[in-house]
Amino acid sequence: MKSLVAQSLLCAALLASIHAIAAPEFAITGYGTLGYARSDEDFRYMRYIDRDGTLKADSLLGLQLEARFDPKWSATVQVVASAPRTRDSGYEAAIRWAFVGFRPENDWLLRFGRLRPPVLINTQNAEVGVTYDQARLPAEVYTLSPVYDVDGAAFTKTWTTAGAEIALDGYWGTTKINYRLPFQRFVDQQYFPEKIDLAGLVLSRSSETLLLRAGIHRATLMARGDVPFSQAIEPVSIPAPPPFGGDLYVRSGVADRIHVTVLTFGADWRLQDWRITGEYGQRIVNDVNYGVDSRSAYLTAARSVGKWTPYVTYARLLSGNEVRALYRALNGTPVPLAALGPPLFLPASYHSILADHVIAYDQHSTMLGASYSFSATSKVKIEWMRTRVGLVSALVDGDVHDKSFNVYSVSYSFAF
């Protein structure tokens, strides 16, 4: 609530500084998706999808109000009702965007407030399901960040060339989140409060048939509360023969922040009835050995046939070697008997508990689906997705490895 009040005061202060504003022109738009997803397993995927089926994974309703005061000044507010980001139960309505836009010249745009930079090809329109054909954007890539909305500022500089437009986007901001750590062996999930400072540059080139985009992003995670980050989880040798002695993994070092560098690349190519889209994302973490270091990518091929657009997507998400090795070692190393008694009195599941704090991924998915467009603002989608988890996936709640499962989705998206 304090954040929303701050956003409102910021917008009001900026608008108050504009002199001789004409009567504003208002535009109201909206969008929504009613989506049902069900898997063939009892464990949950992406918080909600399991054998019981759910409407919460994809369903949402959004409303956007834009006020244009003159050719240079505008203000935008967007509210979205959906499954909450800070808990697994219920629904919530939250302000996604609340910013003031200033265009000093046609090739410059400045924005201040709560906004969303164009990190990936569909980041800014990810919640407007009618703008893309997939039933669900590939989680392997689009979960690079737990949230893409920031409170801060952004600029866009554009250059027009023969047959193409080049845009450079830059942004800086901060956001407070409750990060969900998907415990593998425990039912109750927990959210940990974190503050993230974000900054980045994105370069795009778009023409009638091809969009190319590349970006570099820097995130600094700062722990909120009294619990700092650990720098590492590493073994300490108890000098005695196994099973009484052996390696005991412990947390070591203290860090008040973690730095994450993210590289993104994407291409969207249209040729007659065909559309080929691919994106790549890489997270680089050097401060800790149990973090979100990973590589991910997807490729989608779609072809329009009348009002139908069938598609096939392949996506891959894999953590770095060090993260996967640590997760494997924690699960494969028994707690020495010496640590079960005094003075430590650790539980026999101690290493498993530590493993649940390692954010590791090893999964790939194949999606076959189709969309049917009633109009430019109304679309039905169906999809079958088969996902294979190798060592582990932090997108799954449960001790799941070397297992495949299916997800069936149907949704209706609209805009007005």
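The values are calculated or read from the model by the stated rules, or taken from the named source; none is laboratory data. These numbers come from a predicted model, not from an experiment. Cβ coordinates were reconstructed from backbone atoms using ideal geometry, including for glycine residues, and neighbour counts include every protein chain displayed.
For this structure, a couple of remarks:
- Among residues of the stretch 250-264, those that are touching a Ser or Thr at 6+ places or on another chain (Cβ under 7 Å) and either buried (at least 17 other Cβ atoms within 10 Å of the Cβ) or without any contact (Cβ under 8 Å) to a residue 12 or more places away in the chain (or both), counted: 0
- Test: residue in the stretch 93-103 that is under 16 Å from D169 (Cβ atoms), at pLDDT 95 or above and assigned to a loop (DSSP other than H, G, I, E, B): yes
- Looking across the stretch 266-277, just one residue is aromatic (F, W, Y) and either in contact with a Pro (Cβ under 9 Å, 6 or more places away or on another chain) or in contact (Cβ under 8 Å) with a residue 40 or more places away in the chain (or both), and that is W269.
- Answer residue from the stretch 304-317, given it is in contact (Cβ under 8 Å) with a residue 60 or more places away in the chain and surrounded by fewer than 21 Cβ atoms within 10 Å (Cβ to Cβ) and is farthest from the chain's Cα centre (by Cα) among those: K307
- Number of positions in the stretch 235-265 that are in contact with a Pro (Cβ under 6 Å, 6 or more places away or on another chain), farther than 15 Å from H351 by Cβ and part of a strand (DSSP E or B): 1
- Number of the exception - D169 against (1) of a type in the set (D, E, K, R); (2) modelled with pLDDT under 95; (3) touching a Phe, Trp or Tyr at 6+ places or on another chain (Cβ under 8 Å): (2)
- Only listed residue being within 18 Å of the chain's Cα centre (by Cα) and in contact (Cβ under 8 Å) with a residue 40 or more places away in the chain, chosen from Y191, Y179: Y191
- Residue in the stretch 286-305 that is farthest from E140 (Cα to Cα), counting only those that are modelled with pLDDT under 95 and of a type in the set (A, V, I, L, M): V288
- Residues within the stretch 281-298 that are of a type in the set (S, T, Y) and surrounded by fewer than 17 Cβ atoms within 10 Å (Cβ to Cβ), tallied: 0
- Here L61 does not fit the description of being aliphatic (A, V, I, L, M), modelled with pLDDT under 95 and either in a strand (DSSP E or B) or over 26 Å from the mean Cα position of the chain (by Cα) (or both).
- Looking across A267, A325, A301, A338, one residue alone is over 19 Å from G390 (Cβ atoms) and surrounded by fewer than 16 Cβ atoms within 10 Å (Cβ to Cβ). It is A301.
- The set of residues in the stretch 268-285 that are aliphatic (A, V, I, L, M) and either touching a Phe, Trp or Tyr at 6+ places or on another chain (Cβ under 9 Å) or part of a loop (DSSP other than H, G, I, E, B) (or both) contains only I276.
- Each residue in the stretch 243-265 was checked for being touching a helix residue (DSSP H, G or I) at 6+ places or on another chain (Cβ under 8 Å) and among the hydrophobic types (A, V, I, L, M, F, W, C), and 2 pass.
- Cross-chain or 6+ apart pairs with Cβ under 7 Å, the stretch 231-249 first and β-branched (V, I, T), then assigned to a loop (DSSP other than H, G, I, E, B): I233/N289; I233/Y290; I238/G245; I238/P336
- The stretch 366-388, residues that are surrounded by 22 or more Cβ atoms within 10 Å (Cβ to Cβ) and more than 22 Å from W308 (Cβ to Cβ): T387
- All of (1) modelled with pLDDT of 95 or more; (2) out of contact with any Asp or Glu (no Cβ under 6 Å at 6 or more places or on another chain); (3) more than 28 Å from L263 (Cα to Cα) hold for S352 with one exception: (1).
- Restricting the stretch 206-222 to residues that are surrounded by 20 or more Cβ atoms within 10 Å (Cβ to Cβ) and not aliphatic (A, V, I, L, M) leaves a set whose member that is nearest to S145 (Cα to Cα) is H217.
- The condition of being modelled with pLDDT of 95 or more, exposed (fewer than 13 other Cβ atoms within 10 Å of the Cβ) and acidic (D, E) holds for only one of D273, D188, D197, that being D273.
- Residue in the stretch 383-393 that is touching a residue at least 40 places away in the same chain (Cβ under 8 Å) and touching a helix residue (DSSP H, G or I) at 6+ places or on another chain (Cβ under 7 Å) present: yes
- When the stretch 104-137 is limited to residues that are in contact with a Leu (Cβ under 7 Å, 6 or more places away or on another chain) and either in a strand (DSSP E or B) or without any contact (Cβ under 8 Å) to a residue 24 or more places away in the chain (or both), the one that is surrounded by the most Cβ atoms within 10 Å (Cβ to Cβ) turns out to be G113.
- You will find that of V288, V292, the residue that is in a loop (DSSP other than H, G, I, E, B) and within 30 Å of L368 (Cα to Cα) is V292 and no other.
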